[in-house]
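Asker: Please see the structure below; I have some questions.
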Protein chains: 4
Amino acid sequence: MSWNSFGHLLRVMTWGESHGPAIGAVVDGCPPGLELGEAWVQQWLDKRRPGLIRNTSPRQEPDRVRILSGTYQGRTTGTPITLVIDNVDARPADYPQDAPFRPGHADFAYQAKYGIRDPRGGGRASARETAARVAAAAVARLVIPEVRIAARLVEVGGEADEVRWQAMLGQARERGDSLGGLVECVAEGVPAGWGAPVYAKLDADLAAACMGINAVKGVEIGEGFGAARLKGSENAGGMAASGIDGGISTGKPIVVRIAFKPTSSIGGKGRHDPCVAIRGVPVVEAMVALVLADHKLLHRAQCGEAPTPTPPVKGRGVSGI
Amino acid sequence: MSWNSFGHLLRVMTWGESHGPAIGAVVDGCPPGLELGEAWVQQWLDKRRPGLIRNTSPRQEPDRVRILSGTYQGRTTGTPITLVIDNVDARPADYPQDAPFRPGHADFAYQAKYGIRDPRGGGRASARETAARVAAAAVARLVIPEVRIAARLVEVGGEADEVRWQAMLGQARERGDSLGGLVECVAEGVPAGWGAPVYAKLDADLAAACMGINAVKGVEIGEGFGAARLKGSENAGGMAASGIDGGISTGKPIVVRIAFKPTSSIGGKGRHDPCVAIRGVPVVEAMVALVLADHKLLHRAQCGEAPTPTPPVKGRGVSGI
Amino acid sequence: MSWNSFGHLLRVMTWGESHGPAIGAVVDGCPPGLELGEAWVQQWLDKRRPGLIRNTSPRQEPDRVRILSGTYQGRTTGTPITLVIDNVDARPADYPQDAPFRPGHADFAYQAKYGIRDPRGGGRASARETAARVAAAAVARLVIPEVRIAARLVEVGGEADEVRWQAMLGQARERGDSLGGLVECVAEGVPAGWGAPVYAKLDADLAAACMGINAVKGVEIGEGFGAARLKGSENAGGMAASGIDGGISTGKPIVVRIAFKPTSSIGGKGRHDPCVAIRGVPVVEAMVALVLADHKLLHRAQCGEAPTPTPPVKGRGVSGI
Amino acid sequence: MSWNSFGHLLRVMTWGESHGPAIGAVVDGCPPGLELGEAWVQQWLDKRRPGLIRNTSPRQEPDRVRILSGTYQGRTTGTPITLVIDNVDARPADYPQDAPFRPGHADFAYQAKYGIRDPRGGGRASARETAARVAAAAVARLVIPEVRIAARLVEVGGEADEVRWQAMLGQARERGDSLGGLVECVAEGVPAGWGAPVYAKLDADLAAACMGINAVKGVEIGEGFGAARLKGSENAGGMAASGIDGGISTGKPIVVRIAFKPTSSIGGKGRHDPCVAIRGVPVVEAMVALVLADHKLLHRAQCGEAPTPTPPVKGRGVSGI
């Protein structure tokens, strides 16, 4: 992982500002021969499109993706795949150059770091960048057909009841207020053995990927923070109860929960979401897909393709273990 | 980050198994001219030493560090610094080759990945590996003298009262049981501007570093999971209330909270901690130090050494912003 | 360095096929605040444009660059800079899908690796990709204003006399033949201290960068292959006679010589250069600029900005030393 | 590649100074299950041992390797493999702290970069570091049993006749002089498809690996500098005449030639080689083995293990192609 690229082997570099001409991603290291067309990427982009989902930003972006490289006759060639999404509904005039710093945004931090920033809608720090991740993840999904990834919103403003959310979100929108939210993502079908001990742990990479989504403030995997309140005798239910042990997948479903803070852009003239966690759902899926596809390749590099023969599990359930 | 190395510019590679002859770390990319001797590293190692801390594993390891390269006349030379810690109290015989998989441990996952594993005390997956991180972090601390890092245990088994912990831990030890715990780490003195947007976010790197510690199941930064239950109007307290915005430090203290699950090694013959979070405290500090030192160098690379002039903050506290 | 990206800190990812819709580069890690406009990049692209230079491919590409991200009001912002060049004179029909492998080209190797390839004009392996490098290097040049880089053709087909070249090239073109060539590049103004020992050696990185240019078969630095024929008493002229010692710059000019083989596309219907070394000249400059800018940032990361105080050189000229 | 580590997936980090307590290497990313013992590594180290080979440095180092991690019962486990070689015949007193800079050595460059250096025998820049590479490469060889690598000295001081070398070397030793040399390395058995286009080209990585060996000033691959003097009609002998096309192996033998300058340490008190190219032979083999093993894993990651079906070569020998 460096500044704007992501992944060990399936590397994604994203670029673009919220109100520049376009945003995009380059996906490098993709296996060859996979069927890939713009329609495939588009369907995933449509899932996160603002304006389509109720209670998201009124900015109207068609988010049409174009593939500029890396395929031939509808298949990946193993060379870098460039995905470009034009910014159509950019309104730079809404964001004057001398705009004050917005609390909770990256405005101040960018200025402090670089001494210069693109003030138009958060520039690079805009949630718009996540469209590039979703597009890149559409490619990653082709690499891991054996895996099913499903994220969903499980809480809004501390409330787990979906009916009450609607009222809360309506209210927040009226008042120019916003709400935090909790997203849960489950990945099924990950075989045992992906990940690596110590510094390329599957859970560590998932944590980085999800913590790097805008507005995310917490990530937990498996038992999560609840585990801190447990005794071992309550926790050690059975062999590989968790989807990841020691940084390596166990074959069980992997569960990740991600906390989004309330969007900071309350009031003001910019167009924003009352609850960014809503649009965070497809972005979480995207990041999980990217991490898993990357680790599939990493595992294949070191250990080859044949499934590692697993010795019989001795002593399962034996008392004292 | 790759298999067993960590960091963008201040790179650490650790190696060694729990019951092999030694463990160690190589720190690459350290600035030259820093005063470094074995005594400096030793004092940090002593803080995590099992056997010294009550309620930690009875394994007696002196954890004496030797520096084999990278210094001359007590100063770093800019070349790789090798830190070696011999395993003295290794007892491989306690861990027979045909030991059953222990639930919640990495045993099964390692076997599934590699088709072979060192079964002696968890091998590479042992918490013993963290001694190498603490040693490496002692070097990292020299890189960031302006930063103060302090972690502490704030909860054991869901209990925040220190006096009650002692009873709980004693009980757990007697019963061969174990407890989860919560560690909080605060870093003060980090100037505004460290970190980078999108994929080398300071918070994402901290999340990966902490999630990669053995037994960690959750990481939150700043407002954390609590933020998911907030409204924006409650959250946006003031300019840069958080230590990290948009992946970049703001100059405010950075707060990280880490959830440790109960240690899985209950019962059995191996020697283990009733609450790994206790020894997790210096390890959390170590990982935070490594990430911050790395990002200091990353920032200097891209933006130079002069503090970036920060424009006056307009409109602070202005209503609606 | 990974598949299609290049550089440690100033990272460049290029993408695009010869007869796809466009080619491009993303430059990540560029320092902020540098003046950058399309005109600056364009002037460097114009230097390598086929059709402009006599004795290069008749393909007519305007090679107009567009900057899609990473600048604001004419300055770099520290975020990724995307450079796109549309392919205008692409003629995919010239390259039928069932075209035979061309000897000396990457056709066979790509097919063997990926099981699929874009057969149109070499696809990704086309020398056209080098336009993206030249564009990226225009950004790199802004990072190293203290350095002057000048490459020139010094031999064509074994001949060092420029007048004779013209005749040889004309003849080769008529006969559908091609000629090898030798390019020499000198970098002046590189301060002492860039580079790093052992595996990020400045000369090793220069060698990789230049060997990675299409059709390059040899790279030598400083004394080069001539040194293999010398005695030490002839070679050790003075202190730091070479521009790089031990992988680190000495402050003296750095000289690199690069051998280009004759272009393989003799005959056939595609449009090609009779001597690719001619258009190799700006590409060599580009690669040298990218490596030097990257190493400037690497050096600043580890050692800071202040020039390292150099102790007085003792014993210079002392006999036997 | 970063400061002191090397390789994309099979990563090697070396450490240690010529006159420190030890030198060593950590090999990360090695596939599991490979038979590895100290004897295997030792036999390769013995081939480069000074003192064993005539006309090499009189320093007497047994170069006994110890494996401190990464194996269990004689097999690799997939975790980092640590190889340590103690420095036995170190004589730091031979190298006073105020020693003058030696021309052609890294002394001045290190001092200019770091402001500090280990002056004892070149410290980290000593050719002694290459023992760590040879040890690491012994592991790499296990990864590529299908490949045969053989390097040999083909020229000394411009002379290709072995009998005359002996006289020249004897003379040089007497006079405290030294000679350059040329090493050629051939790798056979590399299947078609290793390497990658553009920035992880197999030839570019080989060039970096070989140019990073001490005293190397030039690298050529396949036709090399000779190709610069050819016409295409002379060069394009047949399909895939070269071992690498477009950065990817073709299945033909890969030939690399490396130019060593005369060792700079003429006269003085240190103990040195009259022709470093002699000991360069096993080091060249080592670097080639490391690059090839790394690329085998890279290829497997992206393209899987099944040999890519290669379509019939059409039009071979067709006139004009």
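Coordinate-derived values only; no laboratory data. Keep in mind it's a predicted model, so treat the numbers as computed, not measured. We place every Cβ from the backbone using ideal geometry, glycine too, and count neighbours over all the protein chains shown.
Asker: Kindly identify the protein assembly as shown as rounded, prolate or oblate by the Cα gyration tensor criterion: order the square roots of the eigenvalues as a ≥ b ≥ c, call it rounded if a/c is under 1.5, otherwise compare a/b with b/c, prolate if a/b is larger, else oblate.
Answerer: Since a/c reaches 1.5 but b/c is at least a/b, the shape of the protein assembly as shown is classed as oblate.
Asker: Compactness ratio of region B:114-255: Cα Rg over 2.2 N^0.38 Å, N = residue count?
Answerer: Working: Rg = 18.3 Å, N = 142, 2.2 N^0.38 = 14.5 Å.
Relative to the 2.2 N^0.38 Å estimate, region B:114-255 comes out at 1.27.
Asker: How much FRET efficiency would the formula 1/(1 + (r/R0)^6) give for C:Gln60 and A:Glu159, where r is the Cβ-Cβ distance and R0 is 60 Å, rounded to 0.05?
Answerer: Numbers: r = 63 Å, r/R0 = 1.06.
It comes out at approximately 0.40.
Asker: Hey, another quick one. As a quick test, which of the pairs C:Lys296/D:Lys217; A:Lys217/B:Lys261; A:Lys113/C:Lys252; C:Lys217/D:Lys47; A:Lys296/D:Lys47; A:Lys113/B:Lys261 have an alpha carbon distance above 31 angstrom in this structure? Spell out each step's value before the answer.
Answerer: Details: C:Lys296/D:Lys217 22 Å; A:Lys217/B:Lys261 20 Å; A:Lys113/C:Lys252 34 Å; C:Lys217/D:Lys47 29 Å; A:Lys296/D:Lys47 39 Å; A:Lys113/B:Lys261 37 Å.
Table pairs above 31 Å Cα-Cα are A:Lys113/C:Lys252; A:Lys296/D:Lys47; A:Lys113/B:Lys261.
Asker: Arrange the following residues from fewest to most other Cβ atoms within 10 Å of their Cβ: C:Thr79, D:Thr77. If you can, show how the numbers build up before the last one.
Answerer: Working: C:Thr79 31, D:Thr77 26.
With the sparsest Cβ surroundings first, the list reads D:Thr77, C:Thr79.
Asker: When the helix-only estimate is applied to chain A (DSSP H runs of n ≥ 4, each -39,500 (n - 2.57), divided by the residue count), what is the mean residue ellipticity at 222 nm, nearest 500 deg cm²/dmol?
Answerer: Values: 7 runs with 88 residues, N = 321.
Computed ellipticity for chain A at 222 nm equals -8500 deg cm²/dmol.
Asker: Cβ neighbours within 10 Å, averaged per peptide: list C:151-159, A:255-263 in order, most packed at the top. All intermediate terms of the calculation are to be shown ahead of the outcome.
Answerer: Details: C:151-159: 19.3, A:255-263: 27.9.
Ranking, from highest mean packing down: A:255-263, C:151-159.
Asker: Would you please give the residues with an amide H less than 5 Å from that of C:Gly20, counting only those at least 5 places away or on a separate chain, with H modeled from the backbone geometry?
Answerer: none
Asker: Report, by chain and number, residues whose modeled amide H sits under 5 Å from the one on D:Tyr72, excluding near sequence neighbours (fewer than 5 apart, same chain).
Answerer: Those qualifying (amide H under 5 Å, at least 5 residues apart or on another chain) are D:Thr77.
Asker: What is the mean number of Cβ atoms from other protein chains located within 10 Å of the Cβ atom of each residue in peptide C:255-262, rounded to a whole number? Display every interim value, and only then the final one.
Answerer: Details: counts 0, 0, 3, 2, 10, 2, 13, 11.
Neighbouring Cβ atoms belonging to other protein chains average 5 per residue here.
Asker: Also, quick follow-up: From the phi of every residue in region C:182-197, what ³J(HN,Hα) in whole Hz does the Karplus formula 6.51 cos²θ - 1.76 cosθ + 1.60 yield, where θ is phi - 60° and glycine or proline is x?
Answerer: Result, ordered by residue: 10, 10, 10, 10, 10, 10, 10, x, 6, x, 5, x, 7, x, 7, x Hz.
Asker: State, to one decimal in nm and shortest first, how far the label point of B:Gly176 sits from each corresponding label point in the other identical copies (label point: 7 angstrom along Cα-to-Cβ).
Answerer: 6.4, 7.4, 8.4
Asker: Along the axis that rotates chain C into chain A, which residue of chain C has the nearest beta-carbon, and what is the gap in whole Å?
Answerer: Minimum Cβ distance to the axis, with residue: C:Met13, 2.
Asker: Under a point spin-label approximation (7 Å from Cα along Cα-to-Cβ), what is the A:Gln171-B:Gln166 distance to one decimal in nm?
Answerer: Output for this residue pair reads 4.7 nm.
Asker: When you look at the Cβ of every residue in B:173-180, what mean number of other chain Cβ atoms sits within 10 Å? Walk me through the intermediate numbers first.
Answerer: Details: counts 0, 0, 3, 3, 6, 6, 8, 11.
Mean shielding by partner chains, rounded to a whole number: 5.
Asker: Mind checking which aspartates and glutamates have their Cα closer than 16 Å to the Cα of C:Lys231? Skip sequence neighbours fewer than 8 apart in that chain.
Answerer: Filter leaves C:Glu223, D:Glu155, D:Glu159, D:Glu174, D:Asp177, D:Asp273.
Asker: Something else: Can you list, shortest first and in nm, the gaps between the label point of A:Ala160 and those of its counterparts in the other copies, using a point 7 Å from Cα in the C-beta direction?
Answerer: Computed spacing set for this position: 2.2, 8.1, 8.3 nm.
Asker: Non-local amide H neighbours of C:Leu179 (under 5 Å, H modeled in plane, Pro and chain starts lacking H): which ones?
Answerer: Distant-sequence amide H within range of C:Leu179: C:Thr263, C:Cys275, C:Val276, D:Gly232.
Asker: Now, a different point. Kindly give the distances from A:Arg66 to its copy-mates, label point to label point, with each label point 7 Å from Cα along Cα→Cβ, as nm values to one decimal ordered shortest first.
Answerer: In nanometres, ordered from closest: 0.6, 6.3, 6.3.
Asker: For peptide D:288-297, how many partner chain Cβ atoms fall within 10 Å of a residue's Cβ, on average? Intermediate results must be reported in sequence, preceding the final value.
Answerer: Values: counts 0, 0, 0, 0, 0, 0, 1, 0, 1, 7.
That works out to 1 on average.
Asker: Using Stokes-Einstein with the Kirkwood hydrodynamic radius over Cα pairs, what translational diffusion coefficient do you get for region A:5-320 at 37 °C and a viscosity of 0.692 mPa s, in µm²/s rounded to a whole number?
Answerer: Numbers: Rh = 20.9 Å.
My calculation gives 157 µm²/s for D.
Asker: Apply the Karplus parameterisation 6.51 cos²θ - 1.76 cosθ + 1.60, with θ equal to phi minus 60°, to every residue of region C:27-39 and state each ³J(HN,Hα) to the nearest whole Hz, in sequence, with x for glycine and proline.
Answerer: Karplus values, whole Hz, x for Gly and Pro: 9, 10, x, 5, x, x, x, 7, 5, 8, x, 5, 4.
Asker: Then there's this: With a 10 Å Cβ neighbour count serving as the proxy for reagent exposure, in which order, fewest first, do A:Glu184, C:Glu17, A:Glu305 appear? Walk me through the numbers on the way to the answer.
Answerer: Values: A:Glu184 17, C:Glu17 30, A:Glu305 10.
Fewest-to-most Cβ neighbours within 10 Å comes out as A:Glu305, A:Glu184, C:Glu17.
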